[in-house]
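Each remark here refers to the structure printed beneath this line.
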Amino acid sequence: MPAHPEVLTSKPEWQTLKEHRQRLDGVLMKDLFNQDPGRAKRYFIEGAGLSLDFSKNRITDDVLDALLALASSCNLEARREALLSGKRVNVTEDRPALHTALRNPGTDAITVDGENVVAEVQRTLQRMETLVEEVLGQHRTGYTGKPFTDVVSIGIGGSYLGPKLVGEALQPYAQAGIRCHYVANIDGTEICEALRQVNPETTLFLIQSKSFRTQETLENSKVAKQWFLDHCGDEQAVSQHFMAVTANVPAAQDFGIDPENVFPMWDWVGGRYSLWSAIGLPIAFSVGMTNFRALLAGAHAMDQHFREAPLAKNLPVVMAMLGIWYTNFWAAETHAILPYDHYLRSLPDHLQQLDMESNGKSVTQAGTPLAWQSGPVIWGGVGANGQHAYHQLIHQGTRLIPADFIIPLKTHNPVATHHADLFANCLSQSRAMMAGKSLEEARAELKAEGRDESEIEQLAPHKVIPGNKPSNTLTMEKVTPETVGALIALYEHRTFVQGVIWDVDSFDQWGVELGKQLGKGILPRLLGEEDGTQASDSSTDHLIELFRSTGSV
Ligand SMILES: O=P(O)(O)OC[C@H]1O[C@](O)(CO)[C@@H](O)[C@@H]1O
């Protein structure tokens, strides 16, 4: 089906950007810096405790104007209001996407189907607070009366990545007394290793599943429950040790969880946007409710910034439109997330799900095939480790890889000159990406080393770094609950803005369903329970035979 003629690529703003793209062919950022001493200050914006230097991008003022004009022509302002006010922006599931209500301080009313969801959120936060205080205060105990020492959080995807990221990020704020463990994968090793580290008398299991239908989570939860019963032998004690966060209360009850121990999820919160809800309980157990509320406050500050800041000074909007620029006009296939902070080491994993599950789509909201690229591959890792791995490809490979460098100005762990060293590494990478090294510079360098002419001729081309590789640098004073909240919310809104431009539904994830459906047909064949009536192929059949030949189940 051809795309509708009124769509994105036919807009005059799109055409203008194509012209800018042609004009900038061969224009080097390092020359733009040399010609314009004010560039760094002009392309520097702040909001909600975060600062963005976006001067190392292939842009000029008129490119930026054209990108923002494209955003407005896609009704970004109206779509943003629709998101924040609870309109049914998830069109294929006919639901709002109200993760922002989860961090609303409670002063506004947002109504969904006649109910004020902000009030419901506040009630749930209060319940979380009571539970966390009881557990941390040792008023709630295990079946032998001993205080809880460990929480095992069982969940996958959005019911795992966000809490894990934030739990690690806020380690300096950890309260004494509770260790959190995460189990996600349907790989027996993960649950077995977690259970080896805990004591059934002092462990609380938190089953985190919006649907309470996810195979990995349910199977791991069954193993945990059986392990618990094997040790304690008393079915009654399950209600003391198992809790759930879910929108499917009957299924949690069927599993044996006391309804008193079920915390709500709502269909107006997408899994990958849910760390702000009771899905964030592992975070609250780790760092306490005061810090959890500070995390929400930081995210809310970013929501306000996103709602109110002019587009040209709006962090999520500017970052989103720069992403559009590279994906749609410079054919970038991927986008790297490079946190220079050990506490933020799981940020790339979380953003991978957030962005790729949201914008990995091929049809418009109306269901017509996209005639333009949508979400890129999101990947990355912690600096400086990546410098000794994939940065080689970023600097000298044939692909264009825009990157976000993320670094706090201050560290929680001042030791020797480490933080200055880390900061120097971060700045040297973004500068190397931008400035590169010319053939002349490579030759001069080799000459200074005392190489002879033939060596210089031979080696110089290998030492050339083309440069002109774009990057953003995001900074914050320190990694705190507030700045971590703002940072994650920034990327949520960035993802939303790009979804608006690409005209996709950023809140559904139908693409993950087929694998789940097929798995249901393959499993009985692996277990030898049936020969398989489901359509298959010779490769799948052969691999099933191979598995069965080992007799491993
Ligand atoms: O919380 P649930 O319902 O177990 O789902 C877990 C994850 O599975 C998905 O539905 C798809 O893999 C994600 O969107 C979600 O975060």
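Tabulated data for the structure shown
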{"item": "Calculated P(r) tail over 15 Å for the range 511-550, as whole % of Cα pairs", "result": "38"}
{"item": "Integer Hz, Karplus 6.51/-1.76/1.60 couplings in order for the range 149-162, x for Gly and Pro", "result": "10, 9, 10, 9, 9, 10, x, 9, x, x, 8, 9, 5, x"}
{"item": "Mean Cα-pair separation over length for the range 23-133, i.e. relative contact order, pairs under 8 Å, 6 or more apart, %", "result": "11"}
{"item": "Kirkwood Rh in Å, taken over the range 38-99 so that all alpha-carbon pairs contribute", "result": "14.2"}
{"item": "Total charge dipole magnitude, the chain, about the Cα centre, Cβ charges on Lys, Arg, Asp, Glu only, Debye to nearest 20", "result": "1080"}
{"item": "Electrostatic dipole magnitude of the range 511-550 [Cβ: Lys, Arg +1; Asp, Glu -1; Cα centre; debye, to 20]", "result": "160"}
{"item": "Using alpha-carbon coordinates, inclination of helix 481-502 to the longest axis of the chain, degrees", "result": "70"}
{"item": "Cβ-based charge dipole, the chain, positive-most Cα from 52, 247, 288", "result": "52"}
{"item": "Rounded to whole Å, sorted largest first: equivalent-ellipsoid semi-axes of the range 226-283, Cα gyration tensor", "result": "25, 12, 8"}
{"item": "Positive-end residue, the range 511-550 charge dipole about Cα centroid, Cβ charges, pick of 538, 512, 550", "result": "512"}
{"item": "Sequence-distant residues sharing a close amide H with residue 90 (under 5 Å, placed H)", "result": "95, 97"}
{"item": "Point-to-point label distance, residue 415-residue 193, nm (Cα→Cβ direction, 7 Å offset)", "result": "2.3"}
{"item": "Counting all C-alpha pairs of the range 383-472, share separated by more than 20 Å (%)", "result": "47"}
{"item": "Calculated P(r) of the range 85-221 - Cα pairs past 20 Å, %", "result": "59"}
{"item": "Whole-percent carbon and sulfur share, accessible surface of the chain, 1.4 Å", "result": "52"}
{"item": "Cα-based helix-to-principal-axis angle, 61-73 vs the chain, degrees rounded to 10", "result": "40"}
{"item": "Rounded to whole Å, sorted largest first: equivalent-ellipsoid semi-axes of the range 212-347, Cα gyration tensor", "result": "39, 18, 15"}
{"item": "Potential extension, residue 25-residue 230 segment - 0.36 nm per residue separation minus Cα distance", "result": "67.0 nm"}
{"item": "Alpha-carbon spread of the range 455-498, three principal axes, descending order, Å", "result": "54, 28, 10"}
{"item": "The range 265-412: radius of gyration and largest Cα-Cα distance (Dmax), Å", "result": "17.4, 50"}
{"item": "Rounded tilt (10° steps) of 439-448 against the dominant C-alpha axis of the chain", "result": "90"}
{"item": "Mean separation of Cα contacts under 8 Å, 6 or more apart, over the residue count of the chain: relative contact order %", "result": "19"}
{"item": "³J(HN,Hα) computed for each position of the range 504-511 - Karplus, 6.51 cos²θ - 1.76 cosθ + 1.60, integer Hz, glycine/proline x", "result": "10, 8, 7, 10, 9, 7, 5, x"}
{"item": "Kirkwood Rh in Å, taken over the range 280-363 so that all alpha-carbon pairs contribute", "result": "15.5"}
{"item": "Cα-Cα P(r), the range 1-153, percent of pairs per 10 Å interval", "result": "8, 19, 21, 21, 16, 10, 4, 0"}
{"item": "Where labels lie 7 Å past Cα in the beta-carbon direction, separation of residue 427 and residue 455 in nm", "result": "3.3"}
{"item": "Dipole-positive endmost among 218, 490, 442 within the chain (Cβ charges, Cα centre)", "result": "442"}
{"item": "Whole-Å distance, taken between Cα centres, linking the range 502-535 and the range 183-259", "result": "24"}
{"item": "In range of the label at residue 120: residues from the range 93-111 whose backbone nitrogen is under 13 Å from the point 7 Å along Cα→Cβ", "result": "95-99, 101-102, 110-111"}
{"item": "Angstrom value of the Kirkwood radius, inverse mean 1/r, which spans all Cα pairs in the chain", "result": "25.6"}
{"item": "Where labels lie 7 Å past Cα in the beta-carbon direction, separation of residue 73 and residue 267 in nm", "result": "3.7"}
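The values are calculated or read from the model by the stated rules, or taken from the named source; none is laboratory data. Predicted model only: the values in this text are computed from it and were never measured. We place every Cβ from the backbone using ideal geometry, glycine too, and count neighbours over all the protein chains shown. Please note that ligands, DNA and RNA were not included when accessible areas were found on the heavy atoms of the full protein model with its side chains. Shrake-Rupley method; radii C 1.70, N 1.55, O 1.52, S 1.80 Å.
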